[in-house]
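Before any comments, here is the structure.
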Amino acid sequence: MKNKKVVVVTPTYNEKNSIEKVIKLIVDQNGKVPGYEIHVLVSDSSSPDGTGEIARKIADKNEKVHFLDVKERGLGLAIVKGYDFALQKLHADVLMQIDADLQHDPNEIPLFLQKINQGYEYVQGSRFIKGGENKISLPRQIFSFGASFICRALTGIWQISDFTPSYKAYTRQLYLRMDRDSIPWQGTTFLIQPAAVVEAYRAKAKMIEVPIKFSNRRADRSKNEVANYIIDIIAYSFEVRLSKWDIKFPVLYWARRSKTFIKFGTVGVIGTLVDFVFYKLFIAKFGFPPPTAKLFSTSIAVQNNFFFNSIWTFKRRRTKNNVFTRWLLFNLVSSGGLLISYGIVYGLHKVYGDGAFNIFGWKFAYNNLYFFATIPPLMTWNFFMNHFITWKHETAN
């Protein structure tokens with residue numbers, strides 16, 4: 001009887017330090033599960049570090065190793081193009097996926113194939129079931145557990161404990177049955193991983209998990225944009241939940257278009273806390289009148305916001321302005337915001353004074369209301385001015 005062909009797709013971008021070892025480990029799994037012939041397909045996004053050249057040379061010498069130059073960068077694109085190539089050109093019976101950075105152990109491939117052999121159509125690697133291990137830093141452990149919990153709770157797919165690993169296997173029949181157009185594989189985040197679970201479930205796949213050991217990267221660095229990934233996961237999971245209620249609303253689409261604003265707003269919340277703490281400190285400890293306290297507290301918050309917007313919100317924004325120019329523009333824009341907030345606090349203080357009122361026995365000073373009244377106009381002003389001036393997109397020539 002002819003062996004079933006398994007094609008293990010490993011998407012790569014700058015993995016020259018690990019790709020050769022990963023390929024060898026995958027090919028070495030041949031013979032461990034009778035009835036299966038294991039091939040590896042390196043789906044490379046034109047890595048500038050030479051990953052593609054290494055993989056291509058190995059493929060030229062080994063008939064079980066294949067290479068695909070995807071050209072464009074994007075994990076989802078590399079995976080989908082790799083699957084298409086595996087099905088159409090290599091005639092795969094089973095599709096698998098594994099990371100090329102040695103965080104996954106290729107020696108666990110037989111666990112997946114054993115379950116396929118038992119009649120399962122979708123096999124998901126899990127760190128959270130008996131035998132699984134999540135040997136990464138505590139913050140990453142919290143993120144992976146939290147992301148999977150959000151996916152489970154919102155999608156209602158409780159039979160899968162770990163949504164985010166890319167270590168998985170499909171039968172050919174299942175993959176062709178799935179609605180690929182519903183999988184958000186475009187973009188640079190890793191959303192394709194939990195989305196694949198959802199679409200396999202929607203295709204009524206016979207699903208199961210196998211325990212895997214997930215380790216810290218042994219080579220190169222992670223390409224995952226964590227903040228964007230968090231936004232994507234929450235938005236996508238909400239969209240899936242709404243679809244269960246027959247509500248069609250493109251939550252993910254609008255979340256992706258609003259990412260910069262969401263990040264800016266998050267920084268704004270942090271800045272508001274800094275602003276409020278110093279505002280109350282200047283009033284309570286130094287006896288400043290509210291308008292003057294607001295002037296100084298906002299000046300401190302402005303520097304806080306510039307720092308976080310530089311290293312996070314607009315980190316990947318291409319702009320012609322250097323750091324000093326951006327700092328100068330940011331402070332000029334913020335000066336406008338400062339005048340707006342000062343004017344609001346001054347006007348309200350002039351009209352209502354330094355009084356207070358009680359809420360369920362708690363004394364609430366008017367100056368708190370003056371402060372919060374400045375937030376909506378100040379945030380709106382700062383976002384649009386910084387979006388279009390300070391971190392203005394560089395126009396490609």
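The values are calculated or read from the model by the stated rules, or taken from the named source; none is laboratory data. In this text the structure is predicted, and so the values were computed from the model without any measurement. Every residue, glycine among them, receives a Cβ derived from its backbone with ideal geometry; neighbour counts consider all protein chains shown. For accessibility, only protein heavy atoms count, side chains too; no ligands or nucleic acids. Shrake-Rupley method; radii C 1.70, N 1.55, O 1.52, S 1.80 Å.
Using the 2.2 N^0.38 Å rule of thumb for compact globular proteins, work out how segment 54-193 stacks up: its C-alpha Rg over that value, please. Write down the numbers at each step before the final one.
Values: Rg = 15.9 Å, N = 140, 2.2 N^0.38 = 14.4 Å.
Working it through for segment 54-193, the quotient is 1.10.
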*In segment 1-97, the GluC sites (Glu not before Pro) that fall in loop regions by DSSP, at most 15 other Cβ within 10 Å*: Glu63, Glu72
*Translational diffusion of segment 117-273, µm² s⁻¹ [Kirkwood Rh, Cα pairs; Stokes-Einstein; 10 °C; 1.306 mPa s]*: 95
*For Lys4, residues with placed amide H under 5 Å, excluding near neighbours*: Tyr36, Glu37
*With r as the distance between the Cβ atoms of Glu72 and Arg202 and R0 = 22 Å, compute the FRET efficiency 1/(1 + (r/R0)^6) and round to 0.05.*
0.20
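Which three semi-axes in whole Å describe the equivalent ellipsoid of segment 1-125, each the square root of 5 times a Cα gyration tensor eigenvalue, listed largest first?
Numbers: eigenvalues 105, 42, 38 Å².
Whole-Å semi-axes of the equivalent ellipsoid: 23, 14, 14.
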*Please give the length that would be gained between Lys320 and Lys350 if that part of the chain were fully extended, namely 0.36 nm times their separation in residues minus their C-alpha to C-alpha distance (nm, one decimal).*
6.5 nm
*Alpha carbon Rg of segment 303-377, scaled by the compact-globule rule 2.2 N^0.38 Å*: 1.54
_Under DSSP loop assignment and at most 11 Cβ neighbours within 10 Å, longest chymotrypsin sites (Phe, Trp or Tyr not before Pro)-free interval of the chain_ = 1-157
*Short version: ³J(HN,Hα) in whole Hz for each residue of segment 49-65, in order, from phi by Karplus 6.51 cos²θ - 1.76 cosθ + 1.60 (θ = phi - 60°), x for Gly and Pro, what are they?*
8, x, 4, x, 5, 4, 5, 5, 5, 5, 5, 5, 9, 10, 5, 9, 10
*Any idea how far apart Asn216 and Asn107 come out in nm if each label point goes 7 Å out from Cα toward Cβ?*
2.1
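Output the pairs from Lys168/Lys244; Lys320/Lys392; Lys32/Lys64; Lys71/Lys259; Lys89/Lys168; Lys115/Lys168 with a Cα-Cα distance over 19 Å in this structure; if there are none, say none.
Values: Lys168/Lys244 25 Å; Lys320/Lys392 8 Å; Lys32/Lys64 15 Å; Lys71/Lys259 26 Å; Lys89/Lys168 21 Å; Lys115/Lys168 11 Å.
Pairs exceeding 19 Å: Lys168/Lys244; Lys71/Lys259; Lys89/Lys168.
Give the percent of DSSP beta bridges with both residues in the chain that are antiparallel, rounded to the nearest 5.
In the chain, approximately 30 percent of DSSP beta bridges are antiparallel ones.
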_Under the rule of at least 5 residues apart or a separate chain, name every residue whose amide H is placed under 5 Å from the amide H of Asn14._
Ser47, Asp49, Thr51
_Under a crude label model (7 Å from the Cα following the beta-carbon direction), how far is Asp246 from Ile230 in nanometres?_
3.6
*Report, in degrees rounded to the nearest 10, the 0 to 90 angle that the Cα long axis of helix 323-352 makes with the longest principal axis of the chain.*
50
*Could you work out how far apart the two model spin labels at Lys32 and Phe364 are, taking each label as a point 7 Å from the Cα in the direction of the beta carbon, and quote it in nm?*
6.3
*asked:* Residue by residue through segment 32-38, what is 3J(HN,Hα) from phi via Karplus (6.51 cos²θ - 1.76 cosθ + 1.60, θ = phi - 60°)? Round to whole Hz and write x for glycine and proline.
replied: 7, 10, x, x, 10, 10, 9
*asked:* How large is the accessible surface of Leu328 in square angstrom, using a 1.4 angstrom probe and rounding to the nearest 10?
replied: 80
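Convex hull volume of the Cα atoms in the chain, per residue, in Å³?
Values: hull volume 74.7 nm³, N = 397.
Roughly 188 Å³ of hull volume per residue.
Report the gain in length on full extension from Phe145 to Lys130: 0.36 nm times residue separation, minus Cα-Cα distance, nm rounded to one decimal. Spell out each step's value before the answer.
On the way: separation 15, 0.36 × 15 = 5.40 nm, distance 1.49 nm.
Length gained between Phe145 and Lys130: 3.9 nm.
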*Mind ranking Leu273, Leu25 by accessible surface for me, highest first, 1.4 Å probe?*
Leu273, Leu25
